[in-house]
Amino acid sequence: YGDMDIYISFLQKNKVWTVPKNLGKIINTAATEGSVFIAADNKTLYFASNGRSGFGGFDMYMSKRLDDTWLNWSEPKNLGQQINSKYDDFYYTIPASGDYAYFSSRQNSMGGADLFKIALPKERGLELYNRLFRLYSDIKKESESVELMLGDGNICWNTVEMNINHPV
């Protein structure tokens with residue numbers, strides 16, 4: 001489909017790899033895709049692309065595998081401005097604990113590209129985190145600290161605990 005695409009291949013019982021399959025046009029563009037990471041659920045794919053409308057050079061995206069063919073994927077979602085910048089952002093990875101995500105960026109780096117760590121909320125996942133970050137960015141302009149409380153009184157967001165764009 002493009003300059004550099006993402007493929008899948010499986011190691012068979014006889015220790016021979018299957019012929020690589022291109023993941024298709026939903027994932028791959030006419031430009032470059034790479035820095036692939038498959039989450040612990042074996043369905044969520046994170047990858048970098050410079051062939052989609054985003055914040056800058058390479059942005060990180062997420063897509064969900066819809067069946068076992070590895071050819072049907074949800075429309076990739078940009079991971080948002082707390083990870084993506086006007087520079088190149090790539091190599092997004094989440095350890096099995098799911099507490100943090102790690103990624104590489106040229107934004108605010110001390111060299112070519114540095115590693116960064118971002119705290120992920122346990123209950124709500126990345127989608128809510130993206131929304132809360134945008135809300136925090138708007139409110140922070142007018143307030144020194146921000147807390148978001150759920151209906152049950154539990155604090156689920158506190159600016160003191162934020163780890164956004166801090167080097168690992």
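Observations
- Protection proxy ranking of 29-38, 76-85 - average other beta-carbon atoms within 10 Å, highest first: 76-85, 29-38
- Each residue of the stretch 20-35 was assigned a 3J(HN,Hα) from its phi angle through the Karplus curve 6.51 cos²θ - 1.76 cosθ + 1.60 (θ = phi - 60°); the sequence is x, 10, 6, 6, x, 6, 5, 8, 8, 10, 6, 9, 10, 10, x, 6 Hz, with glycine and proline shown as x.
- 3J(HN,Hα) from dihedral phi, the stretch 41-52, Karplus parametrisation 6.51/-1.76/1.60, rounded to Hz, x for glycine, proline: 6, 6, 10, 9, 10, 10, 7, 9, 8, 10, x, 10
- Cross-link pairs exceeding 18 Å in C-alpha to C-alpha distance, out of Lys21/Lys43; Lys13/Lys43; Lys25/Lys64, comprise Lys13/Lys43.
Quick note: the coordinates plus some simple rules give every number you see, no bench work behind them. Just so we're clear, the structure is a prediction, and the values are computed from it rather than from any experiment. Here Cβ is always computed from backbone atoms with ideal geometry, including for glycine, and neighbour counts include all displayed protein chains.
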